[in-house]
Amino acid sequence: MEDLQKTLAQNLRRYRLRAGLSQEQIAERMDVDRAYISGLERGRRNPTLMTLWLAGRALGVTVADLVNESPTEDATEPRRVRAPRRKPSG
């Protein structure tokens, strides 16, 4: 199970960065909290099938792509994307 969570974590991050999205942006597309995306990418969350489907739809990939141990695309690491800083309220 840990191997599958690690694979999902790596693939989710890879596809998110390839799409040029921040964790906050993909969270908005999936209608979940950014901290949840962070937990998925660190292998700390065990998502439901529906969550995997939503993630795939948000990234334009299949659920199979997210859990595939050998991604078919090149292995180059995409650039990091940072979410815009929020202005303090008050």
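Taking the stretch 2-66 on its own, what percent of its Cα-Cα pair distances exceed 13 Å? So the portion of pairs separated by more than 13 Å is 56 percent.
How would D3, D65 line up from fewest to most surrounding beta-carbon atoms within 10 angstrom?
D3, D65
The slack between D31 and S70, meaning 0.36 nm per residue of separation minus the straight C-alpha distance, is 11.2 nm. The simple spin-label model puts a point 7 Å past each Cα toward its Cβ; for L49 and T62 those points are separated by 1.6 nm.
Just so you know, all these numbers are worked out from the coordinates, no wet-lab data involved. For clarity, every value in this text was computed on a predicted model and none was experimentally measured. Note: ideal-geometry Cβ built from the backbone for every residue, glycine included; neighbour counts use all protein chains shown.
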